[in-house]
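Written below as structure tokens is the structure these notes are about.
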Amino acid sequence: MDSVVVARTHGRTPQQNRSRATLTRIVEAAETLFAERGYDGTTVQDITVKARCSVGAFYARFKDKESLFLHIHDQHCAALLQRMTFLCELFEAENAKLEAIVNQIVRALFVFVGRRRSLTRVFMQRSAHDPIFQARYARVWKQVLGLLEPALLRRRNEITHPDPERAVAFALQALHGLWAIDVLHHRVRDITGQIGGEQLAAEATAAFMAWLGVTGKK
């Protein structure tokens, strides 16, 4: 499976501590502004003012705003994949049961996005109208599936659905759909009628297990 690669052309890695600190301020400022104002509502000038650096310092590290945006998206995706990789390794080390695995997958997705909800929303909105960015998004989700599907199918003896591969694939895509709804509509809960927090995680876990044909504890 190909792993996500942080495209080095999106940003220049500085060697000196002071220069690295400037890079960190630029990235953190951009993350905050993109999350608050969206991509189109943020300018390079806005970013440099918030990062307390010169425009020249910005362009010494990034070609343009788009390069910075892609750099942040690469970091975001790498963090998600790192978390999922860690979980899958932990599942094997602890010989975890299917329900425990599903519960941790659900929680990992929702906790991850809970810390980055507004920024993730900007990424998803961008992918809705930008075919190139959509391809990036799809590629990363495919990598996530490449980690999670084998981890779940190693517990196929606990899955009662007659076609475990199809059941796991469907359940993961359905979970992704719920996750996307939570990202996009979390702040309009009164309109969507959705639940959140612990209740959402519990219900999503129960639904996932049901899709696998497991409807109750043995």
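The values are calculated or read from the model by the stated rules, or taken from the named source; none is laboratory data. Everything numeric in this text was worked out from a predicted model, so none of it was measured. Cβ placement follows ideal geometry from the backbone for every residue including glycine, while neighbour counts extend to all protein chains displayed. SASA here: full protein model, heavy atoms, side chains in, ligands and nucleic acids out. Shrake-Rupley method; radii C 1.70, N 1.55, O 1.52, S 1.80 Å.
At-a-glance table
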{"read-out": "Cβ-Cβ under 9 Å pairs, at least 6 apart or on other chains, the stretch 35-59 side part of a loop (DSSP other than H, G, I, E, B), far side polar (S, T, N, Q) and open to solvent by less than 60 Å² (accessible area, probe 1.4 Å)", "value": "R52/T22; C53/T22; S54/T48"}
{"read-out": "Helices (runs of 4 or more DSSP H) enclosed by the stretch 129-218 - at least 3 residues per element that are within 19 Å of the chain's Cα centre (by Cα) and modelled with pLDDT of 95 or more", "value": "131-153, 164-185"}
{"read-out": "Looking only at the stretch 45-68, and only at residues there that are β-branched (V, I, T) and open to solvent by 50 Å² or more (accessible area, probe 1.4 Å), the one that is farthest from R20 (Cα to Cα)", "value": "V49"}
{"read-out": "Selection within the stretch 88-103 - free of Cβ contacts under 8 Å to residues at least 60 places away in the same chain and either outside any helix (DSSP H, G or I) or in contact with a helix residue (DSSP H, G or I) (Cβ under 6 Å, 6 or more places away or on another chain) (or both)", "value": "N95, A96, I101"}
{"read-out": "Given (1) open to solvent by 10 Å² or more (accessible area, probe 1.4 Å); (2) part of a helix (DSSP H, G or I); (3) of a type outside the set (F, W, Y); (4) over 30 Å from A108 (Cβ atoms), number of the condition L80 does not satisfy", "value": "(4)"}
{"read-out": "Matching residues, the stretch 91-106, being buried (at least 16 other Cβ atoms within 10 Å of the Cβ) and not polar (S, T, N, Q)", "value": "F91, A96, L98, E99, I101, V102, I105, V106"}
